[in-house]
Structure formats: C-alpha cells, structure tokens
1. What are the extents of the Cα atoms of the stretch 399-506 along their three principal axes, in Å, largest first?
2. Out of the total accessible area of the stretch 492-547 (probe 1.4 Å, heavy atoms of protein only), what percent is carbon and sulfur?
3. Using only Cα atoms and rounding to the nearest 10 degrees, what angle (0 to 90) does helix 77-88 make with the longest principal axis of the chain?
4. With every protein chain kept in place and ligands, DNA and RNA left out, what is the accessible area per residue of the chain? Probe 1.4 Å, answer in Å².
5. Per residue, how much space in cubic angstrom lies within the convex hull of the C-alpha atoms of the stretch 353-453?
6. How big is the antiparallel share of DSSP beta bridges in the chain, given as a percent to the nearest 5?
7. With a cut-off of at most 12 other beta carbons within 10 Å, and DSSP calling the residue loop, which trypsin sites (Lys or Arg not before Pro) in the stretch 77-111 qualify? Please list them.
8. Let me test this: with uniform point scatterers at the alpha carbons of the stretch 278-419, what is the Debye-based log₁₀ I(q)/I(0) at q = 0.10 1/Å?
Amino acid sequence: MTQIQETIRRIQEIARYLQRLESDDDALFAELNAIDKAVIAQLLEEYKVVEKQFKPIKLLRYEVLNQLQEERPPLRAEDVDFYRERIERRDTEYFQKYGLKVVEGLANSEPRDSFSVYRRQGKSLYFRLLYPIFYRKLQSNLIKPALQEITTAIAETLGLSEYRTHTVDFRGSTNFGSLVCWLALYPARFRSHQECHHLFLTITADGLKAGLWSGLTNKASFEGSVQNVQSYETAVEFLKRLRSDYYVFNQEGKTPRKSTKKAVVSTPAPVVAEPIPAYQPRPYTAADALQELFLTDERFQEIQDALVYKQNLILQGPPGVGKTFVAKRLAYTLLGARDESRIETIQFHQSYAYEDFMQGLRPDGAGNFYLRNGVFYEFCKRAGQSDQPFVFIIDEINRGNLSRIFGELFQLMESDKRGPAHAITLTYSEERFFVPANVYLIGTMNTADRSLALVDYALRRRFAFIELAPTFSTKFQALLENEGLSTEFIHILVNKLEFINKVIHNDRNLGSGYLIGHSYFTHPQMPEKEWFLRIIRLEIAPLLREYWFDEPDQAEEQIQRLLA
C-alpha cells in the first residue's frame, strides 16, 4: 500500500506542476526555455517527420523546438503567435527552409483555422499547443507504467478475474494535454471500457475520485457510485463496496461483442455471494417525489413553479424538516431523472470564499501561485455544453459571507441576466463569464442558527424563498406504522412533538423558525421506546438547551416532559 501511495503522490506532484503551467503563461515559457538541449534534440528528431508527413501542429512545434535548440532570443508567447499566424496564412516563403515537402504540404493544407480546436481551450492555448514539449521533460514514458502498477494493485485487492485495463495519462484522451490521470478496470469479455460498467480511479492535483462508471451512457452507474476521496486506501475501500454492483451491472447490461484480444487474467476471483440488484438510474417525476416527501401535491407544485420561474430558490426552515432532502427531489424532478452528473452539491461555511466558489490564486508548493477555477465556475462550464437543465445545490447558504462568496455573480444569477449577452469580466482572470440559462440554484437555510448573519438583501431579491415546516401528518404516521411502530406509541410521539413545538412557537424569543422537525424520527428502530428516548437525549435535548440557554429551568422542564 505504501509504495502505491508514493506512486500516486508523485503523479499528483506532476499534476500540480502542469496545473501551474496551464494557468501561468510566464511560468510555462520559463520552463520551455529551461529544457535540456538533449531533450530538445530528441524531440527535433521526432518532429522532423513533418518534412515527410505534413501537419500544421507538427510544423508549429518543429519551429518552436528549433528556436529553443538554436538559443535564439528566449521563446515567448509572441513567437508562438507569429509562427501560428504564418501557418494559418500558408506563408510558404517563410517555411522554404524546411524543403519542398513542407512547402507543398502547407500550400495544400485546408483553408481553415488549423488551430481552432486548440484555440477553443481559451487561456490555456499555449499549454495545449506545446504540452508534448514540456511533458517529455517529466519522463512521460514512466507515467503509463505507474498507472498500470496502480491498476494491477487495485485488481488484486478487489480479487477481480478476467479483467482488462485502460489508462489515460497527462496526454489526455484527446491528446491535447490534461491535468488528470485516470485508470479503468472492466470485464475481459468486453472490447472496450466504453461498452460496459467499469471501476475507475482518477488522480488530480488535489485528491482522488473513484467509483463505478457506465461507458454506455457516460455517467455514474447510479446515485452514489462516484465519490471524491483523499487517500488511496479510502478509494480502494469504496471500490470494494461497488464490486458486487460491477458484477451485476455487467451481467445484465449490453451483450458484449467478441474480442480478438487475449483476456488478461489475474488470480482466481473469490466466491462472491449473489448480490442484491443495485439501484438502476431511472426517470424521475413529481409522482416519485411525492412518494418520498411529506408534502401535498399542491405544495410541491407551488415549490416547483417557484424554481422554474425564478431559477433561484431557497428552502428555509428549522432543523429537521428535510430541506436538503427536498432540494434533491426538486432537482431530480426538474431533470426528469436521478442524474447526478447534472447536480452539484456544496455547503457554505464561515471560511468559504469567492476563491473557492469562482476563481482564486492558490500556492503551488514551490513558492508560486496559480489560478484555480472554483466549483461553480466549473459547473457553469459543464452546463454551457448542454441544453439540458443543471441544478446547483448550496446547503447552509446563509452560513457563508454571501457578498464575499458571490462577488459579481449577484448580477449574473438573475434569471433575466443569464447567457453570453450579459457576460462580465471576472476578478482574477479578466475572462468574460456568464451563467448559462439552463442552470438552476437551490439553497437551504437553517432558521434556528443564532450564529448566522442576516441574509444580504441583494440575495433576497434574486431568490424565491419557500418555508418548510415540521409535519406530523397522517402520511408521516403511516411511515412509522409501516416501519413497525405501534399505533399507540405513534400517537404518544406525535402528541409530545406537537406540544413542544407549540411551546417553542409561543415563546417570543423563539417562534416558528425554531420548531423541531419530523426528520429526526423518520428512521425508527426497535425497541421503539429506547429509540425515541435516545433521540431525545442525544439530539433534541442539546438543541433545547441551546434554545433556552438563558432559561435552563425551562429547557430541563421541556426535556423531562419529552422523556416522561
């Protein structure tokens, strides 16, 4: 395990190095100018192929390598732009020095922007154009074997048999350069990981991501099958829990095509008990949501309408009313499916900042800083590539410093200020940014937290606010009865909770924002009495003592009434 962790640590160091070069053009060109001449000479021999098999990108890199080798003035961004413009204009006179083949290839190249696919990468244009040059400096030929070493270790730990592997290093799957590496394991009877459900591990500069992915639909195999982790050990434990799903989904999935390749076989697999079929992604409607919620049809429709109309919604209420649970069901209903790939959930706190949410400078461990995009920035970029709705959920939205976190987004998040026509310049990158029209925001707000500041009026104007209240309705009671609680005990429980909520509601220092929610009691256990008393002692009593911190006698009286 220690050797694998060290291998991952080295890969993450490379990711941080590449991350710095992608975000800082000055650092990128400083690294290019410092590459050893022996490495440059080796690359020149490889790119000399352009004189026989012409390609615009190879010609650009060949010209850059010659400048680096000949020690002309240090390579700059302006030089790369100059060479790129000469190629796009098909300036055959400038490139005569490389011979007739290059001249003919350039003259006969298609009259279009040869670098459009690289230009679409935005600020990282030079990184994408030149990454094979500085990537070679990293001894890139060693990264693939390192990924294969990790893959083999995972397969052995999980006891997989007759499996294949697929690894992608920092070249990326599109060969444009990437900041992440990843690996996949899948049954040997499939020709490709894209034809089946595969276990994967992704390595980034900041951590790891592991899970079960469906190549058939290019999304997580089911809700909860992908997880961000910080250590290899945690990733392997998570993959172990997904092993049964891996077998089941690949038995019931698409019929594999015959492969001409020999299967890679590891040690014999252990006997695995027949697993219970895992949850399969499926369409999700308002009817599905109402099966899970204690809301009436009319109330749920009202909340849905508010989200669609305003595109920004805050669910507020006291502890235990299921605000986050409702938010997720609203998102599923809007998307029409339990599609976690189009949902992002975060939680605000006092230390959360604009730099975490949108963009900010981060240290690279070498005394320098690089520009790192935040979670909402990346979410909007993903959403902008689709016409389907995307939902961003912010738990405990009023726990953060909202003006500091949102910054200029206060303007962009308005429903009538969406889209490229309303783009504004960001603080750090000076990039023109907008919130796509298919992005919906849902926040949750705990009304009983004394530590929270008042919500910014600018935020209140841009969000629709929906109050969620405790409910001990017949639907709630039916749930408890289905879980095995006796009718008599259910009546006692409901009476006690309704009484304490009446006391809280009538207290002029508290009110409806401090009521006790029903969610504390939605997962009953047996024996019923011990379960109820445990919740009162461990969860409700500390809350009541906080409510009546200046009236301890009142708090103890109400606690004893609940325990009686």
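1. Taking the Cα atoms of the stretch 399-506, the three principal extents are 65, 30, 21 Å.
2. The value for the stretch 492-547 is 52 percent carbon and sulfur by accessible area.
3. 70
4. 49
5. Roughly 119 Å³ of hull volume per residue.
6. 60
7. Loop-located and lightly packed - Arg89.
8. Log-scaled intensity ratios, in q order: -0.41.
The values are calculated or read from the model by the stated rules, or taken from the named source; none is laboratory data. The structure displayed is predicted, hence computed values, not measured ones. Note that each Cβ is placed from the backbone with ideal geometry, even for glycine, and that neighbours are counted across all protein chains shown. Please note that ligands, DNA and RNA were not included when accessible areas were found on the heavy atoms of the full protein model with its side chains. Shrake-Rupley method; radii C 1.70, N 1.55, O 1.52, S 1.80 Å.
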